[in-house]
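Each remark here refers to the structure printed beneath this line.
All of the numbers you see were taken from the coordinates with simple rules; none came from a lab. Just so we're clear, the structure is a prediction, and the values are computed from it rather than from any experiment. Quick reminder, even Gly has a Cβ in these numbers, built from the backbone with ideal geometry, and neighbours come from all protein chains shown.
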């Protein structure tokens, strides 16, 4: 029997229900993630993936009306957005939200909520040498891949425990995707737990330890990434691949 199944969950999402206005989007989602794992959160468009990420990050929209979310024994479900960020949750949204008018270095400094517990700017530049070379360049003038690196670096600029990535490969060339994947594996080696939502499901699965598949706001699969890659019927039915 695999000892991994007996490890306590680092992140526990239990029976969460979330709404956009009157639209019932997340309909009782539950799953666990162990410390240092990469979890692929997959499903077709409209399955509730981004809403689940936003619910974990405690954003005001969608509104979580029921359920519990625990991270390293901390009750995220009782927190506001800024409190969840201080507790170690970092969300990198699909549009990256690079702040216009600020340099790469200024974007990173603005994110340093807690010092000295977060990563130093120089440590981030060690992980992302391209950003170090462009530290004085305005963030919004970077290439798409470099903006994604900046968005991830900005999440690391504080005491990050949980990295939430929404479509990190969107619009990126395959060679840049490979570079981002390498960085994410380096982050994993540092013990940071990651959830990745990605339409390029095969790329996400190859990177991940485990996978959760959503369909119309509910969990239809929770297991290893290898199981999904090996199950053509599951992939076709829920991922269209």
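Remarks
- When DSSP beta bridges are restricted to pairs lying wholly in the chain, around 60% turn out antiparallel.
- Sorted peptide list for 195-205, 91-101, criterion being average Cβ within 10 angstrom, highest first: 195-205, 91-101
- Relative to the dominant Cα principal axis of the chain, helix 144-156 is inclined by about 80°.
- Prolate/oblate/rounded label for segment 1-110 (Cα gyration tensor, a/c 1.5): oblate
- Gain in span if fully extended, residue 74 to residue 126, counting 0.36 nm per residue against the direct Cα distance: 15.7 nm
- Matching label, Cα extents along the principal axes in Å computed from the structure shown, candidates (i) 47, 40, 38; (ii) 52, 45, 27; (iii) 72, 35, 20: (i)
- Scoring 175-188, 211-224 by mean Cβ neighbours within 10 Å over their residues and listing the highest first yields 211-224, 175-188.
- One compactness figure for segment 192-241 is 1.05, namely its Cα radius of gyration divided by 2.2 N^0.38 Å.
- Between 0 and 90 degrees, the angle of helix 174-189 with respect to the longest Cα principal axis of the chain falls at about 80 degrees.
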